[in-house]
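Visitor: First, the structure itself, so that you have it in front of you.
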Amino acid sequence: MKDRVFKKLLEEKKNKIHLTLIDPDKTSPEMARLISLSAYKAGSSAILIGGSLGVYEPHLTELVKSCKESGLPVILFPGNINGLTASADAVLFMLLLNSDDPYYVGGVQAQAAPIILRMGLETIPTAYIIIGHGGAAGYIGKARPIPYERGDIAAAYSLAGAMLGAKVIYLEAGSGAPYPIPPQTISLVRRALDQIEYNGLLIVGGGINSPEAAREAIKAGADGIVNGTIVEKDPNSIYHMIKAVKNEN
Ligand code: 1GP
């Protein structure tokens, strides 16, 4: 099994991780190239690429190739099996743990696994947990979002993900969410994961639109954060976000 990309992320964990998300539905290859270059220069760890709507293979492949010009690893973040392409470096192999639809908790993974094997992609086992607003990911994935302030429930799902062997626990408020996941909720998850000496990554995303929000998420115990919407609006914002994540200002 390949694990090159995950190992790189794990190595960067002590200095905290920043992931730049590109939504194929909203991004041209030229824009993807620009965002990825800014991400590389600013010190982002990798490009995540995927979304819930409007993802189709030829466009996705073109975007991945544009992103790879930056030199950053490109990790697929699929909403469904249409989010796969052999041109990426790795894929977040996700279980949407709090979906009410078995398709997202076993069905789609079985559809995807033989395809991923043929593509030769590195798989990064990921427990995907939808919290609060949930955005399109929550709606399309038929999640029962955990209320923002219920860190105890988020911790229970995160423990379950870790005990199932997930290398990444991804707490998701949804792309473009009006509020990020509160620091208190992240803290409770961190505390629970520390109790089992979890050595994977706790990643938080959705609605993190300011350096302050990024800093708070990290202070609360996230190993890294994901930025999508803010970067689409202003690729230069990545510099400020990464400084906050790495506690450099
Ligand atoms: C969405 O967590 C990511 O899957 C990023 O969210 O677009 O709100 O930054 P934003």
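The values are calculated or read from the model by the stated rules, or taken from the named source; none is laboratory data. As the structure is a computational prediction, the values presented were derived from the model and not from experiment. Virtual Cβ from ideal backbone geometry, glycine too; neighbours counted across all protein chains shown. Surface areas here come from the heavy atoms of the whole protein model, side chains and all, with no ligands, DNA or RNA. Shrake-Rupley method; radii C 1.70, N 1.55, O 1.52, S 1.80 Å.
Visitor: Only residues that are open to solvent by 10 Å² or more (accessible area, probe 1.4 Å) and touching a residue at least 40 places away in the same chain (Cβ under 8 Å): list them for region 229-247, please.
Guide: Hits for region 229-247 are THR229, GLU232, PRO235, ASN236, TYR239, LYS246, ASN247.
Visitor: For residues that are under 14 Å from GLY50 (Cβ atoms) and either open to solvent by 30 Å² or more (accessible area, probe 1.4 Å) or in contact (Cβ under 8 Å) with a residue 60 or more places away in the chain (or both), tally how many sit in region 94-115.
Guide: Going through region 94-115 one residue at a time, the tally reaches 1.
Visitor: Inspect region 56-68 for any residue being closer than 19 Å to LYS167 by Cα and aromatic (Phe, Trp, Tyr) and give the result as yes or no.
Guide: Checked against the condition, which is being closer than 19 Å to LYS167 by Cα and aromatic (Phe, Trp, Tyr), region 56-68 yields no hits at all.
Visitor: Which residue, of ILE129, ILE124, is in contact (Cβ under 8 Å) with a residue 60 or more places away in the chain and buried (at least 21 other Cβ atoms within 10 Å of the Cβ)? Working first, answer last.
Guide: Details: ILE129 fails: in contact (Cβ under 8 Å) with a residue 60 or more places away in the chain.
One residue alone meets the criteria, ILE124.
Visitor: For region 176-206, what are the residues that are surrounded by 23 or more Cβ atoms within 10 Å (Cβ to Cβ) and assigned to a loop (DSSP other than H, G, I, E, B)?
Guide: ALA177, PRO180, ILE181, GLY206 - these are the residues of region 176-206 that are surrounded by 23 or more Cβ atoms within 10 Å (Cβ to Cβ) and assigned to a loop (DSSP other than H, G, I, E, B).
Visitor: Just name the residue that is farthest from ASP3 (Cα to Cα) out of those in region 203-231 that are more than 13 Å from the ligand (Cβ to nearest atom) and of a type in the set (A, V, I, L, M).
Guide: Among those residues, the one meeting the criterion is ALA220.
Visitor: Considering only residues of region 42-93 that are in contact (Cβ under 8 Å) with a residue 60 or more places away in the chain and part of a strand (DSSP E or B), which is nearest to THR126 (Cα to Cα)?
Guide: LEU92
Visitor: Ok, one more. Considering only region 30-60, state which residues are modelled with pLDDT of 95 or more and surrounded by fewer than 16 Cβ atoms within 10 Å (Cβ to Cβ).
Guide: If the condition is that a residue be modelled with pLDDT of 95 or more and surrounded by fewer than 16 Cβ atoms within 10 Å (Cβ to Cβ), then GLU30, MET31, LEU34, LYS41 are the ones that fit.
Yes or no, residue by residue, for (1) part of a helix (DSSP H, G or I); (2) away from the ligand (no atom under 16 Å from the Cβ); (3) not aliphatic (A, V, I, L, M):
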position	(1), (2), (3)
TYR104	yes, no, yes
ALA110	yes, yes, no
PRO114	yes, yes, yes
ILE130	no, no, no
TYR139	yes, no, yes
SER158	yes, no, yes
ALA162	yes, yes, no
GLY165	no, yes, yes
